[in-house]
Amino acid sequence: MSFKSFVDYLLFEKKYSKLTVSAYENDLNSFKEFIKTEYDSEEIQQVNYPQIRNWIVNLVETNISNRSINRKISSLNTYYKFLLKIHEIKINPLVKHKALKTSKKIQIPFSETEINMVLDELHFDNDFEGVRNRLIIELFYSTGIRRIELVELKLTSADFNSKTLKVLGKRNKERIVPLIKPVLDTLNKYLILRSELDKVVDIDNLFLTKKGVKIYETLVYRIINDYFSIASTKVKKSPHILRHSFATHLLNQGADLNAVKELLGHSSLAATQVYTHNSIAELKKVHINAHPRSKK
């Protein structure tokens, strides 16, 4: 069976993004190539677990991280579950597979001081790119949106009357997030400069390059990394760390966990709770400083 039915299933039934589906296809093609090379077969529907285990060993030997290997196996597992669903196979060869152990990496958010340094002390040119870059940073920190969500924003996404932003999240789930005044001011300035570009190719997209084409993810990453490299000594400086900072700082200020969950576009509280470890640290500090017996 071709992958087309599986791809359609992911796109239209599971409502995965094109980027996610592309990652699934790459993982499956990688496994397919391994089976063809090692076992002279192109029928990955008929493989057994020892063959999959050999692929895992091969991946480990090429120094791919356990986290990446687990993602590849997850793609494969989703494929076999789909084949079970449509009665193409009777047994999922991964039914008893256990994921490789991975170390839990704690993402360290930017401090409020670091973010304020970028937005209040660093220089942003008043031209199209300077205002655009500032808006990107402000949006990440004030809304907590994902990088791909920012890239896919449309001109119609922002509503100045209701002071909100319409965001299309994972599995095409739409959510509305509020926009604060400083962001609206920067957005208004950006839209004026955007309208003055010599040429606009992707007219529906909010964020563009100076050539008038839709902005791309690696450029967004580079913008964040460049500015925060000046203000922060943290190893990782990415759009996701700004999302992490947004959630952590809200929780530190007493925001309700369920409210933060909705703003982030998480489907479950479990996903939001990973951001609470810094809030607990903040609570401990308050507790030690405020409790009457803590100084004894």
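The values are calculated or read from the model by the stated rules, or taken from the named source; none is laboratory data. Predicted model, so just to flag it, every value in this text is computed and none were measured. In this analysis, Cβ positions are derived from the backbone assuming ideal geometry, glycine residues included, and neighbour counts consider all displayed protein chains.
Which one of S245, S229, S267 is assigned to a loop (DSSP other than H, G, I, E, B) and either at pLDDT below 95 or among the aromatic types (F, W, Y) (or both)?
Testing whether each residue is assigned to a loop (DSSP other than H, G, I, E, B) and either at pLDDT below 95 or among the aromatic types (F, W, Y) (or both) leaves just S267.
For region 107-131, the set of residues classified as surrounded by 17 or more Cβ atoms within 10 Å (Cβ to Cβ) and not hydrophobic (A, V, I, L, M, F, W, C) consists of Q107, P109, E114, listed by residue number.
Just to be sure, is L187 surrounded by 15 or more Cβ atoms within 10 Å (Cβ to Cβ), over 30 Å from Y9 (Cα atoms), over 23 Å from the mean Cα position of the chain (by Cα) and not acidic (D, E)? Here the answer is no, as L187 does not meet what is asked.
Every condition in (1) buried (at least 17 other Cβ atoms within 10 Å of the Cβ); (2) outside the structural domain of L150 (by TED's automatic domain parsing) is met by I91 except one, and the failing one is (1).
Only one of the listed residues (T143, T102) is outside the structural domain of I64 (by TED's automatic domain parsing), at pLDDT below 90 and under 29 Å from A23 (Cα atoms). That residue is T102.
Give just the number: which of (1) over 29 Å from Y216 (Cα atoms); (2) assigned to a helix (DSSP H, G or I) does A99 not satisfy? For A99, the exception is condition (2).
Go through I91, I86, I69 for me and flag whichever is under 20 Å from the mean Cα position of the chain (by Cα) and not acidic (D, E).
Values: I91 fails: under 20 Å from the mean Cα position of the chain (by Cα); I86 fails: under 20 Å from the mean Cα position of the chain (by Cα).
Residue meeting the stated conditions: I69.
Can you tell me which residues in region 198-256 are hydroxyl-bearing (S, T, Y), surrounded by 19 or more Cβ atoms within 10 Å (Cβ to Cβ) and over 20 Å from N126 (Cα atoms)? Residues satisfying the conditions are S232, S245, T248. Taking the listed residues L193, L206, L242, the one that is among the aliphatic types (A, V, I, L, M) and touching a strand residue (DSSP E or B) at 6+ places or on another chain (Cβ under 7 Å) is L206, with no other qualifying.
This table checks each residue for (1) in contact with a Phe, Trp or Tyr (Cβ under 6 Å, 6 or more places away or on another chain); (2) modelled with pLDDT under 95; (3) closer than 18 Å to L135 by Cα; (4) not in a loop (DSSP other than H, G, I, E, B).
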| site | (1), (2), (3), (4) |
| --- | --- |
| L187 | no, no, yes, yes |
| D198 | no, no, no, no |
| V220 | no, no, yes, yes |
| V235 | no, yes, no, no |
| L251 | no, yes, no, yes |
| A259 | no, yes, no, yes |
| L263 | no, yes, no, yes |
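Out of all the residues in region 72-96, which are assigned to a helix (DSSP H, G or I), within 17 Å of Q51 (Cα to Cα) and among the aliphatic types (A, V, I, L, M)? Listed by number, the residues that qualify are I73, L76. Taking the conditions exactly as written (over 25 Å from the mean Cα position of the chain (by Cα), outside any loop (DSSP other than H, G, I, E, B), among the β-branched types (V, I, T) and outside the structural domain of F228 (by TED's automatic domain parsing)), does I52 satisfy them or not? Spelling it out, I52 is indeed over 25 Å from the mean Cα position of the chain (by Cα), outside any loop (DSSP other than H, G, I, E, B), among the β-branched types (V, I, T) and outside the structural domain of F228 (by TED's automatic domain parsing). Out of all the residues in region 17-24, is one or more surrounded by 12 or more Cβ atoms within 10 Å (Cβ to Cβ) and in contact with a Phe, Trp or Tyr (Cβ under 6 Å, 6 or more places away or on another chain)? Within region 17-24, none of the residues are surrounded by 12 or more Cβ atoms within 10 Å (Cβ to Cβ) and in contact with a Phe, Trp or Tyr (Cβ under 6 Å, 6 or more places away or on another chain).
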